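Read the figures in this text as sums done on the coordinates, not as results from a lab. Treat the numbers as computed from the prediction; the structure is a model and nothing was measured. Here Cβ is always computed from backbone atoms with ideal geometry, including for glycine, and neighbour counts include all displayed protein chains.
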Amino acid sequence: MVDSKEFAVGIFDALARRRRQNLERITKEELYDFWLQISDQSFDARLQIFFDMVDTNVDGRITRQEVQELIILSCSANKLAKLKEQAEEYAALIMEELDPENLGYIELWQLEALLLQRDTYMNYSRPLSTASAAAWSQPIPGGAPKPPRRPWFSPRRAATRLRLAARENWQRAWVVALWVAAMAGLFAWKFTQYRQRTAFRVMGYCLPTAKGAAETLKLNMSLVLLPVCRNTLTWLRSTRARLFVPFDDNITFHKMIATAIVVGILLHAGNHLACDFPRLINSSPAHYEMVARYFGPEKPTYRSLVAGVEGVTGIAMVALMAVSFTLATHRFRKNGVRLPFPLNRLTGFNAFWYSHHLLAVVYLLLLIHGYFVFLVHKWYQRTTWMYISVPLLLYLGERNLRAFRSKGYSVKILKVSLLPGGVLTVTMSKPHGFRYRSGQYIFLQCPTISPFEWFIPKLSHPFSITSAPGDEYLSVHIRTSGDWTQELKRIFIENYFSPHSTGKATFNELGSLEQKSLPRLFVDGPYGAPAQDFRNYDVLLLVGLGIGATPFISILRDLLNNIKLADELMELAMETSRSEVSSNSFSISTTSSSTKKRSYRTSSAHFYWGIIEMHNYLTSVYEERDARTTLLKMVQALNHAKHGVDIVSGTRVRTHFARPNWKEVFTKLASKHPGATVGVFYCGTPTLAKELRKLSHEMSHRTSTRFHFHKEYF
């Protein structure tokens, strides 16, 4: 806000200099006149204001120093601190372009000519492929005209939306429907059973309600383990089960089951404590005689009921689950709740992870609670162990497998880079026999941070693999947002980094790793993720917000490696066809080289039909038409024209100072790839996912291109 204020003061001073005034205060008429000048949308008016801001001595000329000062001001307004360090170099670049005769200044007409030619300079977002460089990708335009208003309800449009929703969500729908039906069936079965028991005359409808809820709890306490059996899910992703089971929604389903468990606890414990027990202890001797065989000849007190095995285990389970579920909520897990010391330890990822392991005690108590259950004497009616035994054994087997495998996957740290925005890039050796697919993720352990990770495999720090399967190393990008990642960053910065200036080092590396006593890292995985299915589509649209771009780094590297491999194989095939005359030789006599490349790539990964376009959007700055970014856009264009590098990203990929117009993006893809299947992969916050999902549905209905949306939240 302060930086924007400084920029506004600069505009005010420029307008005041036009009047040859040094204003300390302003009248209403002068303010109105200033407003008219600022709100003038014409090119000449905006250019004149911009020129006057730079021309601080009002001599009609702009010097290199004045240009440098305005670049610094523009960088401050857009919070681009790194660019401020290069302000002198960028000012020299502008003067070199506009002052070839070394007069030491430029005039208004020269600045106007440069701004009018900016679009020519900006056409540089090159595709990263071996295709013809003539097919450069164009910047995606923004600001599409608003469509005319339509009536809020249309039966045809509602039917279309319903059909698209069914097509998109049928996998989720049948799984959730089956789950709800199972809960409803179990509740109804147990409710009816206890409705016909003699105890119903004593305790009323509270008893069958509590018992029905208990039956759903048994089911859900078993099902809640399945979505977190990661090895099993990774294996199932490679089978035909992926065609009808939405494995991408495993954590969502895990949370849904947890919510159902909370509801079941409220119904079960609430009816027992607030209804069943009071009715039992206040029952008449005749009514109590009906249930005396379950509770003894003497009527129990409320305290004796609660202090029994059933009561103690039940209350203990409720207390432990209340702690675990509360610390697992989004705000607690992401440090969104600020608590005073020492309660601040109850927030963050570590608190979530350790509290979740309290559920191991809950399952032990559940088995005991289920054995000493009220109103049941026969062993085969104590069904709790029947529900949870198989899922529990499967989960325990997975944990043992992960513990064994993680100790065998010890890696050596090869390189650590500290990137802007608090992001660490860790490059590690690849363990022998470690195989993975692009888009998958791994878990990292670091016993240096938490001693318990050595004794209890703390495999709860997932990171997308950013290296390609063909690389000889593993790499991950880690954003320091939680307590564990902040501690990892602190260890590297305090003990292993020696800051030094790297100039224009690749990826803006700020430090190099010194070979001291490096922390031990263990790897567990790989595990399946939505992005690993990218090979199933003709065209890919990869959308990553911030650190959400990490799953796609591996995919892009994999694409480039395959393109390079295809070129090498083509050259080998061409040499073979020249040197060997055989019926089995690879002939290119009737097919051009480019066609053969396409054929090869289609057979190995059928979406290699076109070039790779990359667009980088910096949404934290002011949009491209804003005066605060005008000079930066000019510098960006000139720097790329001369050096071939974008000033923001440090790569050939152009950075757009705007938010993407997603409708334009989808429309462009649909017109460019008619009849194709487009995989839309998104990783980031849930907000944008709704818009991308909606556009995928709409464009699939309106065009011949089919968009399939996949999301992954960080």
Just want to confirm a number: the relative contact order over region 195-271, from Cα pairs under 8 angstrom separated by 6+ residues, in percent. 50
Taking amide H atoms as placed 1.01 Å from N in the peptide plane, list the residues 5 or more away in sequence, or in a different chain, whose amide H sits under 5 Å from that of residue 707. 678, 700
Residue-wise HN-Hα coupling along region 382-391, computed from phi with Karplus coefficients 6.51, -1.76, 1.60 (Hz; x: Gly, Pro): 8, 9, 4, 5, 5, 6, 9, 4, 5, x
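For region 174-402, what is Rg from Cα atoms divided by 2.2 N^0.38 Å, rounded to two decimals? Intermediate results must be reported in sequence, preceding the final value.
Details: Rg = 19.8 Å, N = 229, 2.2 N^0.38 = 17.3 Å.
Working it through for region 174-402, the quotient is 1.14.
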Long-range HN-HN contacts of residue 335 with modeled amide H, under 5 Å: 348
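Mind giving me the FRET efficiency for residue 284 and residue 377? R0 is 35 Å, r the Cβ-Cβ distance, nearest 0.05 is fine.
Details: r = 24 Å, r/R0 = 0.68.
Approximately 0.90, to the nearest 0.05.
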What residues qualify as long-range amide H neighbours of residue 448, i.e. H under 5 Å apart, gap of 5 or more or another chain, H built at 1.01 Å from N? 520
Which of the peptides 531-538, 323-330, 311-318 is most tightly packed, and how do the rest follow, going by the mean number of other Cβ atoms within 10 Å of each residue? 531-538, 311-318, 323-330
Of the listed links 489/711; 255/415; 299/378; 255/663; 190/334, those spanning more than 30 angstrom between alpha carbons are 255/415; 255/663; 190/334
Residue separation between residue 205 and residue 301 times 0.36 nm, minus their alpha-carbon distance, gives in nm 32.5 nm
